[in-house]
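Following: one structure in structure tokens, then a few remarks.
The values are calculated or read from the model by the stated rules, or taken from the named source; none is laboratory data. Note that the coordinates shown come from a computational prediction; the quantities given were computed from them, not determined experimentally. Every residue, glycine among them, receives a Cβ derived from its backbone with ideal geometry; neighbour counts consider all protein chains shown. Surface areas here come from the heavy atoms of the whole protein model, side chains and all, with no ligands, DNA or RNA. Shrake-Rupley method; radii C 1.70, N 1.55, O 1.52, S 1.80 Å.
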Amino acid sequence: MVTANAPMHGATFRWLLHYLRNITFKDRNGEEIFIDVNGDAQTAFNILNIQISQSGDFELVKVGKIDTAAPEGKEITVNMAAILWGRGSGVPRSVCSESCTPGYRKAAREGEPVCCFDCVPCAQGEISNVTDMISCTKCPDSEWSNEERDQCIEKVVEFLTFEEPLGLTLTISASSMTFLTASVLLVFMKYHNTSIVKANNRGLSYLLLFALMLCFLCSLIFIGRPRRLTCTLRQTVFGVIFSISVSCILAKTVIVFLAFTATNPKSSARKWLGLKTPISIVLFCSLVQTLICVVWIIVSAPFPELNKVSYINKVIFECNEGDAIFFYCMLGYMGLLATVSFIVAFVSRNLPGSFNEAKLITFSMLVFVSVWISFIPAYLSTRGKYMVAVEVFAILCSSTGLLGCIFFPKCYIILLRPDRNSKQRVVGKVHFGHKRIE
């Protein structure tokens, strides 16, 4: 017989287990007990709970049963109501921490047992949808975690739409300014024989007004769902049309300057006062920008793409400009034209008013250059639909500056002060040596 205090060696266990296999015997209650080949007892056992009776004695109360021969799932039965717990009436906790619900993960407490842990919320972009998860699961690139961090949801796809307040405001502004520019063009065409219209080169004025209409309209290409065609056209069309507008202003400024310097009949500058000079300036300056844009489209055309990097909780549907060097070449060339126009107009600002509108052009180019200088840092510091909105806003502001500074004063005279729309008031008198030019 092996006593409880006797040392149990491996050989003794093996000897004892050899005889505790495939045996059957009856206990003192007469119940038959069978031990199988593995040494497991194939019988039923009672689950007893030690309780203190009202008299203060300890007694064993049956609260359940373990029956290995019972059907699967019913091997253990327990009457929880019959159990008397040592502390209070509730079931004692077997761990020192509550279970972590979905949306949280378990974080072990340093220096404490493994059953003691903290429940830490999953990070953004990660979820846990099972109780007591040790680590959170990261969502795919196209999805994001919900507020509860228990499931992944599709990321919001963002782009500047016509329906939202920002896009609607820009659309209404562009449409209104297009209508206003068309009205100015109609006014100039109706009063094309008046002195103030003829004195400011009617052909260039018509072309500039038409180009400004296209400038306002091209801003609408930037709004809406990006597509391959719109992505290809938005920057290139904008660059070419604005180059035509600035080229017209440069041509007007050059003609103004030549008109004053060629007041002497013997001046060599008089040969440049014909129609060929402004046409050549506009064609050449516009052609250079057109070539830049054509090469841009051929070499590295812009295309639509889903930007999943700029924001962690949403996808930006935007136009990838391809090789950025072409974009900055286009802006740089337009800035060069504007700077040259500003310098020529600034030099000519003090010339007699009878021969030029250099002061108006100087102020308009000052507004134009200021808008686009402010545009670059604002454009680079924004992302998504706000980057598009910044460029549309710059297009509308610069175009409005050109329209207002150059044409509104003339419309004021044509419509409200017709008494000043006469050859003598517009042309005036300028003395050159001993001659008077009218």
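Can you pull out every residue in region 146-158 that is open to solvent by 50 Å² or more (accessible area, probe 1.4 Å), touching a residue at least 24 places away in the same chain (Cβ under 8 Å), assigned to a loop (DSSP other than H, G, I, E, B) and out of contact with any Gly (no Cβ under 7 Å at 6 or more places or on another chain)?
Within region 146-158, 151 is the sole residue that qualifies.
As an exercise: evaluate residue 118 against (1) part of a strand (DSSP E or B); (2) closer than 30 Å to residue 310 by Cβ and give the number of the one condition it does not meet.
(2)
Looking only at region 377-418, count every residue that is among the β-branched types (Val, Ile, Thr), more than 14 Å from the chain's Cα centre (by Cα) and modelled with pLDDT under 90 and tell me the total. Give the derivation first.
So the first thing to find is which residues in region 377-418 are among the β-branched types (Val, Ile, Thr), and the list is 382, 388, 390, 392, 395, 400, 406, 413-414.
Now narrow it down to the ones that are more than 14 Å from the chain's Cα centre (by Cα): 392, 395, 400, 406, 413-414.
Now restrict to residues that are modelled with pLDDT under 90: 406, 413-414.
Final tally of qualifying residues: 3.
If residue 161 satisfies all but one of (1) assigned to a loop (DSSP other than H, G, I, E, B); (2) open to solvent by 50 Å² or more (accessible area, probe 1.4 Å); (3) within 24 Å of residue 386 (Cβ to Cβ), what's the number of the condition it fails?
Of everything listed in (1) assigned to a loop (DSSP other than H, G, I, E, B); (2) open to solvent by 50 Å² or more (accessible area, probe 1.4 Å); (3) within 24 Å of residue 386 (Cβ to Cβ), residue 161 misses just condition (2).
Testing residue 181 on (1) within 24 Å of residue 398 (Cα to Cα); (2) open to solvent by 30 Å² or more (accessible area, probe 1.4 Å), one condition comes back false. Which one is that?
(2)
Each row is one residue, and each column tells you yes or no for (1) in contact with a Gly (Cβ under 9 Å, 6 or more places away or on another chain); (2) surrounded by 12 or more Cβ atoms within 10 Å (Cβ to Cβ).
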| position | (1), (2) |
| --- | --- |
| 131 | no, no |
| 140 | no, no |
| 144 | yes, yes |
| 189 | no, yes |
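Could you grab me the full set of residues in region 94-129 that are in contact (Cβ under 8 Å) with a residue 60 or more places away in the chain and either charged (D, E, K, R) or open to solvent by 50 Å² or more (accessible area, probe 1.4 Å) (or both)?
First, pick out the residues of region 94-129 that are in contact (Cβ under 8 Å) with a residue 60 or more places away in the chain: 124-125.
Answer for region 94-129, where residues must be in contact (Cβ under 8 Å) with a residue 60 or more places away in the chain and either charged (D, E, K, R) or open to solvent by 50 Å² or more (accessible area, probe 1.4 Å) (or both): just 124.
Looking only at region 169-218, how many residues end up being touching a His at 6+ places or on another chain (Cβ under 8 Å) and closer than 21 Å to residue 242 by Cβ?
The qualifying residues number 0.
Taking region 307-347, which residues are in contact with a Ser or Thr (Cβ under 8 Å, 6 or more places away or on another chain), open to solvent by 40 Å² or more (accessible area, probe 1.4 Å), not in a helix (DSSP H, G or I) and not charged (D, E, K, R)?
Scanning region 307-347 gives no hits.
Go through region 380-401 and give me each residue that's part of a helix (DSSP H, G or I) and farther than 15 Å from residue 235 by Cα.
Those that are part of a helix (DSSP H, G or I) and farther than 15 Å from residue 235 by Cα: 380, 385, 386, 397, 398, 399, 400, 401.
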